[in-house]
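What follows draws every value from the coordinates through simple rules; no lab data is involved. Just so we're clear, the structure is a prediction, and the values are computed from it rather than from any experiment. When we count neighbours, we look across all protein chains shown, and the Cβ atoms used for this are built from the backbone with ideal geometry, even at glycine.
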Amino acid sequence: MRRLLNLPLVNKLANREGLWRRDRVVAHDYRGRAPSIASVIVPDFKPGEQEVVICSRLLAAYRLSKSCPLPTCDVWSEIRKSQGNFLDLLDRGDPAELAAYMCNMNRQDATIGTVQGEGEYRRITRDRAYRRFIALMTKDKLVSLAEALGVIPCENPEQGVYGESLRIDAAELVEGISRKLGIPVIPPPIDGGLLKIEAGPALYNERDLSAIFTAYTLSLYCPRSVCEIGAGSGRVAYWSHRLGIRCSILLDLPHINVVQGFYLLKALPDAAIRLHGEPINDGIAILPCQALEAVGKIDIVLNQDSFPEIERGAVVNYLEWIKRSASKFLSINHESKPSYSVGKTLSVPELAADVGGLKLKSRVPYWLRKGYVMELYEFE
């Protein structure tokens, strides 16, 4: 006799599993009662002449790169299917229309998979408990950043005060982090539609905090040049620039280049930033992945939260190029290989072993995200 599934029970159990996992994303104990974290959804911005000019440049670069081959069987091929509004906007090619959209892209489909996206925005605005969780998770990362930099001591469950770090005033943490890094760690106020927590003079999203720590990690190697493959919204390049790394090359899908270009051109209006097809300079270059072989020699290549989601053949090609072109490779990725993912999710250590010639120099947990590993490779 065939046994029918009790779908309400299945859904209830799946939801319970999701909540159980969600609670464990937060690294710090808070003794059962989470602290209240002040948060705000950044108000919408209206575009001006500057934003329209930026979008004209972005559209010109996109037109040059949109014929590049795109992935067909990985996580990003599926995400792209959810970005129809954004892709239609790019195809229409109206700079003013695109500028109005990009000013508040964090509540639009353009930022699905990189920052927030429209679905996450709707959930945050409708579900107070979920909004409180995202705010708590962001504060948790702020505390982790302060611990990683030695601004505050790590709590020890075996002895001493425990379960209190999440209650430290956010502004106090930011002040200590700024002193440690020697710069004011204030993100640019350009993120319309994005949920952020309040901390003294500024607002912070979890992506801001991870980018600060990754850029700091890169700066420890004193590189003259960094190439980031799969650069998300461009935040690591922003903080790398602030920490003195003047040459950054971002390689990504053509439509994600638009997200990165808008963020960086707004955040760093006085920096030398080159888009695809524009004259070469020594500043920040935002290029489609197909420009890989034209990049030249690089001190360090970064891949963060990206290679496991890409087709295997593409990652192997990247690793072979890294061996030829870079001195070091910094990987910050998970190794969980979830079965529910589109295609076959990859493991960087396994791929590095298969490709050969990559010598692991260090392997440590990534301070700001449980389950992520930071590995540094050099070449044999």
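Of the peptides 256-262, 175-181, the ranking by mean beta-carbon count within 10 Å, highest at the top, reads 256-262, 175-181. Largest GNM mean-square fluctuation among P35, P157, P201, using the chain with Cα springs under 10 Å: P157.
Based on the reciprocal of the average 1/r between different C-alpha atoms, the Kirkwood radius for segment 311-380 equals 12.8 Å. For segment 207-379, the relative contact order comes to 18 percent (Cα pairs under 8 Å, sequence separation of at least 6).
Please give the net charge around L251, taking every other residue with its beta carbon less than 14 angstrom from that of L251, where Lys and Arg add +1 and Asp and Glu add -1. Value of the local net charge: -2. Each Lys and Arg contributes +1 and each Asp and Glu -1, all at the Cβ; summed about the Cα centre of the chain, the dipole is approximately 880 debye. Once the Cβ-Cβ distance of K344 and C68 is raised to the sixth power relative to R0 = 22 Å, the FRET efficiency obtained is 0.45. Panel note: the C-alpha atoms of segment 244-324, placed on their principal axes, show extents of 38, 25, 24 Å (largest first). Taken over the alpha carbons of segment 207-379 as equal point scatterers, the Debye sum produces base-10 log I(q)/I(0) values at 0.14, 0.16, 0.18 Å⁻¹ of -0.69, -0.93, -1.19. So, R0 is 35 Å and r is the distance between the beta-carbons of N281 and S336; what FRET efficiency does that work out to, to 0.05? For N281 and S336, the calculated efficiency is 0.35. Using a cutoff of 8 angstrom between alpha carbon atoms and counting only pairs six or more residues apart, the relative contact order for the chain works out to 17 percent. From helices alone, the chain scores -13000 deg cm²/dmol at 222 nm; the rule is -39500 (n - 2.57) for each run of n ≥ 4 DSSP H residues, then divide by the residue total. Using R0 = 56 Å, the C-beta based FRET efficiency linking V40 and V355 works out to 0.80.
Sketch the reach of a paramagnetic label on E378 as a point 7 Å from Cα along Cα-to-Cβ, and name the residues of segment 288-330 whose backbone nitrogen lies under 20 Å away. Taking a point 7 Å out along Cα→Cβ of E378, the residues of segment 288-330 whose backbone N falls under 20 Å are 297-303, 319-330.
Report for the chain the percent antiparallel among DSSP-assigned beta bridges with both residues inside it, nearest 5.
Just about 45 percent of them are antiparallel.
Expressed in Å, the radius of gyration and Dmax of the Cα atoms of segment 39-87 are 15.2, 41.
Within segment 119-163, the proportion of C-alpha pairs whose separation exceeds 11 Å stands at 71%. Shape class for segment 94-139, computed from the alpha carbon gyration tensor (a ≥ b ≥ c): prolate, with a/c not under 1.5 and a/b above b/c. You can think of it this way: the chain between R22 and Y130 has 37.9 nm of extra reach, that is 0.36 nm per residue less the Cα-Cα gap.
Per the Kirkwood treatment, what hydrodynamic radius in Å, one decimal, follows for the chain from the mean inverse distance over all distinct Cα pairs? Computed over Cα pairs of the chain, the Kirkwood hydrodynamic radius comes out at 21.8 Å.
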